[in-house]
1. Taking H placed 1.01 Å from N in the peptide plane, check which residues at least 5 places from Arg37 or on another chain put their amide H under 5 Å from its amide H.
2. Can you give the net charge of the other residues whose Cβ lies under 11 Å from the Cβ of Asn55, counting K and R as +1 and D and E as -1?
3. Kindly write out, for segment 44-56 in residue order, the coupling ³J(HN,Hα) from the Karplus curve 6.51 cos²θ - 1.76 cosθ + 1.60 (θ = phi - 60°), rounded to whole Hz, with x marking Gly and Pro.
4. Which whole-Hz couplings ³J(HN,Hα) result when phi for each residue of segment 65-82 is put into the Karplus expression 6.51 cos²θ - 1.76 cosθ + 1.60, θ = phi - 60°, listed in order with x for Gly and Pro?
5. For a label point 7 angstrom out from the Cα of Ala88 toward its Cβ, which stretches of segment 42-67 have the backbone nitrogen within less than 18 Å?
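What follows is calculated from the coordinates using simple rules that are stated; it is not laboratory data. In this text, all values refer to a predicted model and were calculated from it rather than measured experimentally. Cβ: placed from backbone, ideal geometry, glycine included. Neighbour counts: every protein chain shown.
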Amino acid sequence: MKRAGKAARIAQLIEAGAWDDAALALIELELPAWKLRRLVYEDGEWFCALSRQPNLPVALDDTVDASHEVLSLAILSAFVEARRRASAMRETSLQVPPVRQSSATQFVATTSAEQLSLAGDRADSSNRQGNRHEISRASLEFEILRSF
């Protein structure tokens, strides 16, 4: 219901010809994490900057910037770019599988006999079950770093 109310508000703003307010309301509705950081009129052009972290110093912030001679179009251009960036971030996060952190100090690694020979005598032959071996996290990290 809250989203429907905001959508109705945008429709009312459009009906009233309040394009600037409608563009800002659209950002609030569709991209609630993004906030207006900067809106400046300079040399006949509007500059609009949106940010997900507006409390950061400008030098550290990753803003989306757009400009246009018409205020509402500058805001909408920034909206489109922020939406594109948010979409790209979602696609990237979908490509990287989530990894669960384990509190255990041991984990099971599937390795080949050649890979185990790199670990030397650290793998206890009594733990062998096929190609599965218990290897401590510290020794595996050491072996990985040593291999580079």
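1. Ala49, Leu50, Ser51
2. With Lys, Arg at +1 and Asp, Glu at -1, the net is +2.
3. 3J(HN,Hα) across segment 44-56, in whole Hz: x, 9, 8, 10, 10, 10, 10, 9, 8, 9, x, 7, 6.
4. Result, ordered by residue: 10, 8, 9, 6, 5, 9, 4, 4, 6, 5, 5, 5, 5, 5, 4, 4, 5, 5 Hz.
5. Answer for segment 42-67: 49-53, 61-67.
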